[in-house]
Structure formats: structure tokens, C-alpha cells
Amino acid sequence: MLRIDMPGGVLIIKYLVLDFNGTIASNGQIISEIKPLLVNLGKIINIYVLTADTFGTAERQCADLPVILHCLQSDNHTAEKGELVKSLGSDNVVAIGNGRNDLEMLRIAKIGIGVLGAEGLATQVWQNADLIVPGIVEGLELLLNPKSLIATLRQ
Ligand SMILES: [Mg+2]
């Protein structure tokens with residue numbers, strides 16, 4: 001687990017929930033610089049990757065990484081992503097995404113992070129996130145260095 005000592009109380013983060021395309025992957029390929037970051041984070045928290053697998057590449061791309069791949073089954077990806085965060089116990093979840101269908105999972109998660117990557121960030125997601133990062137590398141580095149995260153989120 002990841003312990004984040006906020007001035008108002010301690011956050012215990014057990015799960016990281018990641019959107020795939022536009023967040024950790026571009027054109028169906030995982031951004032190579034983040035692989036070592038995922039390996040390090042996988043030692044302390046459980047990582048879920050949620051995807052509709054538009055490019056049919058997710059399983060192979062995630063094969064060597066410490067992540068649990070969840071392929072979306074329903075017609076309502078926004079609700080399905082939010083329900084998964086709820087089922088994990090939203091108080092213990094950090095969620096990272098970029099697309100409009102990430103809105104619910106970012107809103108429900110204890111910490112919702114919007115990624116302004118190469119594929120853009122939906123405005124509604126921006127408005128429902130706790131913080132915005134310029135790219136997924138910076139987002140994952142914040143989790144590996146929670147002091148910076150605390151500095152950004154404290155009131
Ligand atoms: Mg996306």
C-alpha cells in the first residue's frame with residue numbers, strides 16, 4: 001500500500017486504476033518510459049488497467065507488467081469504470097484517465113488524476129479531477145514521490 005500523510009488525515013492507497021488508450025498507451029502501444037514506473041508501483045499497490053481494447057493489443061502490451069487487465073464488457077464504459085472503482089473501495093483508489101468515459105472513475109476515486117497527454121484530456125474529466133498532470137510519466141512519478149502529491153493537494 002501507499003500511505004499518503006495529508007494534513008487532514010492519512011490516505012491509504014491500495015489500488016491504482018488506469019485507463020489504457022490516451023493515458024498509458026498511444027495507438028494501442030504502452031508508452032515505453034512508463035514500464036519501469038509501473039514495475040516499481042506494482043511492488044506497493046495493485047494496478048488495474050481498464051480498456052475497451054480498441055486496437056486489440058492490450059493483453060500483449062500488459063503481459064510483462066504487474067497489472068490486472070480488465071476489458072470492458074458493457075455498453076456504458078463510463079459507468080462500468082466507475083463501478084469497478086467502487087467495487088475496490090473508492091477511498092483506497094487512485095484513478096488516472098484522460099477521456100470522457102473516465103469521468104465517473106476519476107470522480108469516485110479518492111484521488112482522480114487527469115492526464116493531459118498527446119491524445120488530449122476531455123474538459124468534463126478536467127473539471128472532475130483532483131489534479132491534472134502534463135503526462136502519464138509525471139502522474140506516476142507523483143505516486144512514487146507522494147511528498148509532491150501532498151504539496152499539490154493540501155488545502
Ligand atoms: Mg483514454
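Observations
- Relative contact order of the range 2-153, defined on C-alpha pairs under 8 angstrom at six or more residues apart (%): 23
- Projected label distance in nm at Asn40 and Arg3, using a 7 Å step from Cα toward the beta-carbon: 2.0
- Paramagnetic label zone (point 7 Å from Cα along Cα-to-C-beta, Asp91; backbone N under 13 Å) in the range 138-153: none
- Across the options Val93, Asn27, Gln73, the greatest Cα extent toward the positive end of the charge dipole of the chain (unit charges at beta carbon of Lys, Arg, Asp, Glu) belongs to Val93.
- Computed helical MRE - 222 nm, the chain, DSSP H runs ≥ 4 contributing -39500 (n - 2.57), nearest 500: -9000 deg cm²/dmol
- Computed E for Val137/Gln73 - FRET, C-beta separation, R0 25 angstrom, nearest 0.05: 0.25
- Estimated FRET transfer efficiency when R0 is 22 angstrom, pair Glu33-Ala63 (beta carbons, to 0.05): 0.75
- For the range 10-66, averaging the sequence separation of C-alpha pairs within contact (under 8 Å, six or more residues apart) and dividing by the residue count gives a relative contact order of 45 percent.
- The range 24-41 residues near the modelled Thr54 label - backbone nitrogen below 16 Å, point 7 Å along Cα→Cβ: 24-31
- Near-label residues of the range 111-149 by backbone N, under 15 Å of a point 7 Å along Cα→Cβ of Arg100: 120-128
- Semi-axes of the equivalent ellipsoid for the chain, computed as √(5λ) from the eigenvalues of its C-alpha gyration tensor and ordered from largest down, come to 22, 17, 15 Å.
- Rounded, prolate or oblate (a/c below 1.5 giving rounded, otherwise prolate when a/b exceeds b/c) for the range 76-155 by Cα gyration tensor: oblate
A short reminder: the numbers here are calculations on the coordinates, not readings from a lab. Keep in mind it's a predicted model, so treat the numbers as computed, not measured. A quick note on method: Cβ atoms are made from the backbone with ideal geometry, for glycine too, and the neighbour counts reach across all protein chains shown.
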